[in-house]
Every structure is written in C-alpha cells, then in structure tokens.
Amino acid sequence: REEYTRQYSSSDRGLSALMQHFAEDNDGVYGASLIELDGKRRRAGYQDTRKFTTASTYKLYVAYSALKRVESGEMKWSDQIAGGRDLAKCFDDMIVKSDNPCAEALVAKIGYRPLTVDAQLIVSQNTTFLDTESYKTTAGDLSTFMASLATGQISLNQSSQNRLIDALKRNEFRQGVPAGATGQV
C-alpha cells in the first residue's frame with residue numbers, strides 16, 4: 001500500500017487542491033465551495049459549478065424571494081400561506097425548523113420562474129426552480145448567496161437581512177458544519 005503526505009499552500013489554489021484530493025480519496029460525488037469573508041479573502045472550490053439537487057437549501061432562495069416581495073408590498077407578513085400559518089410564521093418555520101409545507105406553499109405562491117430569476121440575480125444561471133426533475137443549485141452559488149448575505153451585499157434592506165440571519169442562527173439542525181465549527185454558523 002502506498003501512502004502520500006500532501007502539503008497545500010494556504011492560497012486559493014492550494015485550498016482547491018485540498019478539496020479535490022479529499023473528494024478523490026473519499027467515496028461520493030462532491031461539490032464544495034469556500035469564500036473567506038475576512039483575512040486573506042480566499043476563495044476555493046471543487047466542482048463548485050456542478051449542479052446538485054438543492055435538498056432543503058432551496059429554502060434560502062425562497063426566503064430571499066419572499067423578503068423581496070414583502071419589501072415591494074406584493075406580500076404582507078399577515079398573508080395566509082399554509083396550514084393556518086401566515087407569512088411571518090411560515091417564514092420562521094421554513095428557516096428555523098426546515099418546514100416543507102410552508103416552503104412549498106411559498107414556491108407555489110411566488111412561482112418557479114420568479115424564484116429562478118430572483119436567485120439568478122444574486123448567484124449564477126446554475127440555480128433554477130425550472131428543472132423538471134428537481135430544484136438545482138451549486139456549492140458555488142450557495143456560498144455566494146451566504147457570503148452576500150453575511151457581508152450585506154445582497155439586495156435586501158437591513159431589516160430583511162437581519163430577519164433572515166436571525167432565523168438562520170436559530171435553525172434547529174446543528175449537525176455537520178455547525179457541530180465542527182468553533183465560530184458562529
């Protein structure tokens with residue numbers, strides 16, 4: 001058996017190589033993206049433009065679209081959305097509890113095409129709600145969305161940004177990255 005010891009520079013290229021070697025050494029199909037928000041502001045990725053089914057991460061884009069519609073007056077926090085819950089409750093449940101009925105009711109209310117347009121204005125053409133198989137996004141698009149939100153570069157007013165960030169901080173699912181991180185996730 002041959003074993004290799006690899007060393008990586010702390011550059012964008014070195015971090016991308018680390019991600020690639022991890023993926024090659026472990027079973028599965030991976031897409032990974034890293035955007036450093038301060039310090040050296042590094043950016044690295046492995047298959048970060050490859051489309052994957054979103055799973056519950058599509059709720060980030062739905063939340064963004066809902067917030068845009070509240071800001072424009074098209075929707076109100078008191079609008080009934082799903083199961084006797086208004087938009088305020090559904091928004092919170094969708095992000096904090098990863099509630100599917102609220103998310104899907106909002107998808108139906110907003111529409112597949114408007115959700116796709118909203119998402120693509122922030123990220124890339126790779127994120128879509130129009131795929132007949134499932135909603136699609138990339139690791140790069142998700143990290144771009146989150147970095148834009150964290151740095152205030154997303155096209156929402158401060159109150160809307162704060163509402164989404166507050167709900168994300170209260171998300172009940174804390175395995176994975178949050179469990180292994182020392183900072184706030």
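The values are calculated or read from the model by the stated rules, or taken from the named source; none is laboratory data. Only a predicted model underlies this, so the values are computations on that prediction, with no experimental measurement involved. Note: ideal-geometry Cβ built from the backbone for every residue, glycine included; neighbour counts use all protein chains shown. Surface areas here come from the heavy atoms of the whole protein model, side chains and all, with no ligands, DNA or RNA. Shrake-Rupley method; radii C 1.70, N 1.55, O 1.52, S 1.80 Å.
In the calculated pair distance distribution of segment 35-173, what percentage of Cα-Cα distances lie above 27 Å?
In whole percent, the share of Cα-Cα pairs in segment 35-173 beyond 27 Å is 16.
Give me the number: length gained by fully extending Ser56 to Asn100, i.e. 0.36 nm times residue separation minus the C-alpha to C-alpha distance, one decimal in nm.
Taking 0.36 nm per residue and subtracting the Cα distance, the gain is 15.0 nm.
Which log10 I(q)/I(0) values does segment 14-77 give at q = 0.17 Å⁻¹ under the Debye formula, counting every alpha carbon as one identical point scatterer?
Debye intensities relative to I(0), on a log10 scale: -0.77.
Just the number please: accessible area per residue for the chain, 1.4 Å probe, all protein chains included, in Å².
58
Once phi is turned into ³J(HN,Hα) by the Karplus curve 6.51 cos²θ - 1.76 cosθ + 1.60 with θ = phi - 60°, what whole-Hz value does each residue of segment 32-38 show in order, with x for glycine and proline?
Going residue by residue, I get 9, 8, 10, 10, 7, 7, 9 Hz, with x marking Gly and Pro.
Restricting to Cα pairs below 8 Å that are 6+ residues apart, what does the relative contact order work out to for segment 28-86? Please round to a whole percent.
Details: 35 pairs, mean separation 11.1, N = 59.
Dividing the mean separation by the residue count of segment 28-86 yields 19 percent.
Can you give the relative contact order of the chain as a percent, counting alpha carbon pairs under 8 Å and 6+ residues apart?
Details: 219 pairs, mean separation 38.9, N = 185.
Across the chain, relative contact order equals 21 percent.
Place the peptides 59-69, 21-31 in order of packing, highest mean first, counting for every residue the other Cβ atoms within 10 Å and averaging per peptide.
My ranking of the peptides, most packed first, is 59-69, 21-31.
Could you tell me which of rounded, prolate or oblate describes segment 1-49, using a ≥ b ≥ c as the square roots of the eigenvalues of the alpha-carbon gyration tensor, with rounded for a/c under 1.5 and, failing that, prolate when a/b is larger than b/c and oblate otherwise?
Oblate is the answer for segment 1-49, as a/c is 1.5 or above yet b/c matches or exceeds a/b.
In the chain, what percent of the accessible surface is made up of carbon and sulfur (1.4 Å probe, ligands and nucleic acids excluded)?
For the chain, the apolar C and S fraction of the accessible surface comes to 48 percent.
Please list, in chain and number order, the residues 5+ apart from Ile81 or on another chain whose amide H is under 5 Å from its amide H, with Hs placed from the backbone.
Result for Ile81 returns Asp86, Leu87.
Roll a 1.4 Å probe over the protein heavy atoms and report the accessible area of Phe173 in Å², nearest 10.
110
Give the ranking of Thr138, Thr182, Thr49 by solvent-accessible surface, highest area first, calculated with a 1.4 Å probe.
Highest to lowest solvent-accessible surface, that is Thr182, Thr49, Thr138.
List, in order, the whole-Hz ³J(HN,Hα) value for each residue of segment 149-159 obtained from phi through the Karplus relation with A = 6.51, B = -1.76, C = 1.60 and θ = phi - 60°; use x for Gly and Pro.
Along segment 149-159, the couplings run 5, 5, 9, x, 9, 8, 7, 9, 6, 4, 4 Hz.
Given the rule -39500 (n - 2.57) for each run of at least 4 DSSP H residues, summed and divided by the residues of the chain, what is its mean residue ellipticity at 222 nm, to the nearest 500 deg cm²/dmol? Intermediate values should be presented prior to the final figure.
On the way: 8 runs with 89 residues, N = 185.
Calculated mean residue ellipticity at 222 nm is -14500 deg cm²/dmol.
Assuming R0 = 41 Å, what is the FRET efficiency of His21 and Trp77, from their Cβ-Cβ distance, to the nearest 0.05?
It comes to 0.30.
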